[in-house]
1. V29 versus (1) modelled with pLDDT of 75 or more; (2) β-branched (V, I, T); (3) open to solvent by less than 50 Å² (accessible area, probe 1.4 Å): which is the lone unmet condition?
2. Hey, can you tell me all the residues within segment 142-152 that are open to solvent by 40 Å² or more (accessible area, probe 1.4 Å) and in contact (Cβ under 8 Å) with a residue 40 or more places away in the chain?
3. Determine whether S156 is of a type in the set (S, T, Y), open to solvent by 40 Å² or more (accessible area, probe 1.4 Å), touching a strand residue (DSSP E or B) at 6+ places or on another chain (Cβ under 7 Å) and not in a strand (DSSP E or B).
4. Exactly one condition in (1) open to solvent by 60 Å² or more (accessible area, probe 1.4 Å); (2) under 27 Å from P190 (Cα atoms) is not met by F122; state its number.
5. Going by the structure shown, is E68 open to solvent by 70 Å² or more (accessible area, probe 1.4 Å), at pLDDT 90 or above and among the acidic types (D, E)?
6. Sort through L155, L148, L143, L127 and tell me the only one that's farther than 18 Å from T91 by Cα, in contact with a His (Cβ under 9 Å, 6 or more places away or on another chain) and not hydroxyl-bearing (S, T, Y).
Amino acid sequence: MRLSENIRALREYVRAKGVGAAFKRAAEVARERLVHPWEIIYWLPASAVVRLEPPAGSRFRVIRGLGELSPAEHAQVLAQLGAPTLAIWETRFARGGEAHLLFLDEQLAASRFVVWGNVAPFQNLVLTPHDTMGMDVRVDPELRGRGLAPLFFSLSIQDLAQRGCERVFAMVAVHNIRSIKTLERVGFRPLLRCRIANGRYRYEGSIIR
């Protein structure tokens, strides 16, 4: 994200949340960049996801290339995620990944990227061809607080289950309470804790019970 985009995003965050919340979030980001936090690997049998019904006006999509988007959809994705993120998506698309999108009243409400186990290896986890790892989850800040994140995960995983996915994995920093509550609401179970230290993943103890 360019400096001008960062500044604009910061101004919007201050306007929406206040100066105190902005300082708190800035401290969290700085901590994440300076010291890799402990993360929890969560997993869920895809068939066991909590099923949440989408509200009227919602539309879920899976794409495997930006060319599948309409011009209006592409403009929204570019505006919300930025060109650098779309460049990363293009690389992942070329390797066989897919993006999941949720539109609400034709507005992009949430997005995440999904990688199947036979598409890309992960240093911290061994996935089978019937497993998926989700990453880069984003909910439009203007739409947060409306229960869209659990709904989005539910729709995404239901779709994956219909296409043969057996297990779904996700990683979240231990201090990201909002994301942890979202995962647990749709049925995710904690597996183990890990973090990067000296360029390698380190694990804490045994499997979380």
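1. In the conditions (1) modelled with pLDDT of 75 or more; (2) β-branched (V, I, T); (3) open to solvent by less than 50 Å² (accessible area, probe 1.4 Å), V29 misses (1) alone.
2. If the condition is that a residue be open to solvent by 40 Å² or more (accessible area, probe 1.4 Å) and in contact (Cβ under 8 Å) with a residue 40 or more places away in the chain, then E142 is the only one that fits.
3. Spelling it out, it is not the case that S156 is of a type in the set (S, T, Y), open to solvent by 40 Å² or more (accessible area, probe 1.4 Å), touching a strand residue (DSSP E or B) at 6+ places or on another chain (Cβ under 7 Å) and not in a strand (DSSP E or B).
4. For F122, the exception is condition (1).
5. For E68, the condition - open to solvent by 70 Å² or more (accessible area, probe 1.4 Å), at pLDDT 90 or above and among the acidic types (D, E) - is met.
6. L155
So that you can scan it fast, the table gives a plain yes or no per residue for (1) at pLDDT 95 or above; (2) loosely packed, with under 15 Cβ neighbours inside 10 Å; (3) in contact with a helix residue (DSSP H, G or I) (Cβ under 8 Å, 6 or more places away or on another chain):
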position: L102; (1), (2), (3): yes, no, yes
position: Q107; (1), (2), (3): no, yes, yes
position: S111; (1), (2), (3): yes, no, yes
position: G199; (1), (2), (3): no, yes, no
position: S206; (1), (2), (3): no, yes, no
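The values are calculated or read from the model by the stated rules, or taken from the named source; none is laboratory data. The shown structure was predicted, so the numbers you read here are calculated from the model rather than taken from an experiment. Here the Cβ is made from the backbone with ideal geometry for all residues, glycine too, and neighbour counts use every protein chain on show. Just so you know, the surface numbers come from the protein's heavy atoms only, side chains and all, with ligands and any DNA or RNA stripped out. Shrake-Rupley method; radii C 1.70, N 1.55, O 1.52, S 1.80 Å.
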